[in-house]
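Colleague: Following this message is one structure expressed as structure tokens.
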Amino acid sequence: NLKPVNVKLVLLGEAAVGKSSLVLRFVNNDFQENKEPTIGAAFLTQKCRLEDKVIKFEIWDTAGQERFHSLAPMYYRNAQAAVVVYDVTKAASLDKAKSWVKELQRQANPNIVIALAGNKIDLVQPAEESEEDPAENGREGGRQVPTEEAKAYALEAGLLFFETSAKNGDGVRDIFVEIAKKIPLE
Ligand code: GDP
Ligand code: MG
């Protein structure tokens with residue numbers, strides 16, 4: 001019966017890296033194989049209960065397309081938290097993530113908590129428990145962003161760092177819990 005603390009959170013990152021899928025996993029514990037691209041932005045809320053506080057995330061899930069870039073400041077301007085997403089199977093998406101981080105560090109609230117999330121790790125994990133052969137999942141190349149490289153960048157830039165799969169849920173809740181822990185109680 002703690003009063004929830006509202007926290008405005010924005011998702012940023014290249015189109016198709018899985019921003020909307022991460023939100024869908026966190027909010028509805030669901031996944032869609034062929035998710036339709038986000039137009040403009042979508043708004044969702046979800047509560048996150050910690051030992052000493054309840055955080056109500058007000059989530060702005062932005063479109064990744066370049067033509068929507070000029071709208072992004074509306075969503076990150078008053079945000080207390082941001083999740084910047086890239087796809088571990090697409091090196092260029094990390095470059096895009098880095099440019100979003102730079103923009104946030106220059107233009108957003110100076111106290112904003114930023115998390116970097118390398119998504120789609122299910123595509124690069126050895127298929128130990130499943131019958132699926134990773135070489136036959138329809139993607140070429142496998143991992144293009146080594147964990148250590150992204151982790152080192154996140155450390156240097158002062159970001160929380162996660163690798164996630166919206167598809168199987170790995171690491172998704174951790175992003176929001178770790179952000180919630182870093183939000184000051186007033
Ligand atoms: P957004 O444009 O960043 O919001 O990306 P979407 O959430 O729309 O996802 C783009 C595509 O990638 C969709 O077809 C998703 O089903 C797929 N996708 C998203 N997350 C994952 C993931 O963790 N693993 C896999 N294998 N596919 C994913
Ligand atoms: Mg989307």
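What follows is calculated from the coordinates using simple rules that are stated; it is not laboratory data. Computed from a predicted structure; not experimentally measured. Every residue, glycine among them, receives a Cβ derived from its backbone with ideal geometry; neighbour counts consider all protein chains shown.
Colleague: Rounding to the nearest 20 debye, state how big the charge dipole of the chain is about its Cα centre with +1 on each Lys and Arg Cβ and -1 on each Asp and Glu Cβ.
Modeller: It works out to roughly 1140 debye.
Colleague: Evaluate the charge dipole of the range 51-121 about its Cα centre and quote only its size in Debye, nearest 20, assuming +1 on the Cβ of each Lys and Arg and -1 on the Cβ of each Asp and Glu.
Modeller: 220
Colleague: If I fit a long axis through the Cα atoms of helix 19-28 and take the longest principal axis of the Cα atoms of the chain, what angle between them do I get, 0 to 90°, rounded to 10?
Modeller: The answer is roughly 70 degrees.
Colleague: I would also like to ask the following. So which GluC sites (Glu not before Pro) in the range 140-178 pass both tests, a DSSP loop state and at most 13 other Cβ atoms within 10 Å of the Cβ?
Modeller: Sites meeting the loop and neighbour criteria: Glu140.
Colleague: Could you give log10 I(q)/I(0) at q = 0.08, 0.11, 0.16, 0.19 Å⁻¹ for the chain, computed by the Debye formula over C-alpha point scatterers of equal weight, without solvent?
Modeller: The Cα Debye sum returns log10 ratios of -0.24, -0.46, -0.97, -1.36.
Colleague: What ³J(HN,Hα) values, in whole Hz, does the Karplus curve 6.51 cos²θ - 1.76 cosθ + 1.60 give for the range 60-72 when θ = phi - 60°, with x put for Gly and Pro?
Modeller: 9, 9, 8, 7, x, 4, 4, 5, 9, 4, 5, 7, 3
Colleague: Please identify which residues in the range 75-96 have an amide N closer than 20 Å to a label point set 7 Å out from the Cα of Lys182, following the Cα→Cβ vector.
Modeller: Hits in the range 75-96 for Lys182 at 20 Å: 75-88, 94-96.
Colleague: If each Cα of the range 33-95 is one equal point scatterer, what is log10 of I(q)/I(0) from the Debye formula at q = 0.14, 0.16 Å⁻¹?
Modeller: -0.55, -0.70
Colleague: A further question follows. Mind checking the angle between helix 147-157 and the chain's longest principal axis? C-alpha axes, 0 to 90 degrees, to the nearest 10.
Modeller: Value to nearest ten degrees: 20.
Colleague: Stretched out fully, how many nm does the piece from Ala157 to His69 gain, at 0.36 nm a residue minus the Cα gap?
Modeller: 29.5 nm
Colleague: Name the residue farthest towards the positive end of the dipole of the range 1-121 from the options Trp60, Gln107, Leu24, assuming +1 on Cβ of Lys and Arg, -1 on Cβ of Asp and Glu, about the Cα centre.
Modeller: Farthest towards the positive pole: Gln107.
Colleague: Then there is this: Long-range amide H contacts for Ala82: which residues qualify at under 5 Å (H placed 1.01 Å from N, peptide plane, sequence gap of 5 or more or a different chain)?
Modeller: Val10, Val113, Ile114, Ala115
Colleague: Once both axes come from the Cα atoms, what is the angle between helix 172-182 and the longest principal axis of the chain, in degrees from 0 to 90, rounded to 10?
Modeller: 30
Colleague: HN-Hα J couplings of the range 73-85 from phi, Karplus 6.51/-1.76/1.60, θ = phi - 60°, integer Hz, Gly and Pro as x?
Modeller: x, 4, 8, 9, 3, 9, 6, 8, 8, 9, 10, 9, 10
Colleague: Next question, about the same structure. What lysines could a cross-link reach from Lys96, if we take a straight Cα to Cα line under 23 Å and drop same-chain neighbours fewer than 8 places away?
Modeller: By straight Cα distance, Lys96 reaches Lys8, Lys19, Lys35, Lys120, Lys151, Lys167.
Colleague: So which GluC sites (Glu not before Pro) in the range 1-104 are both in a DSSP loop and have at most 10 other Cβ atoms within 10 Å of their Cβ? Spell out each step's value before the answer.
Modeller: Details: sites: Glu14, Glu33, Glu51, Glu58, Glu66, Glu103; in loops: Glu14, Glu33, Glu51.
Qualifying residues, ordered by number: Glu33, Glu51.
Colleague: Just the number, please: percent antiparallel of the DSSP beta bridges in the chain, rounded to the nearest 5.
Modeller: Taking every DSSP beta bridge with both residues in the chain, the antiparallel ones total about 30 percent.
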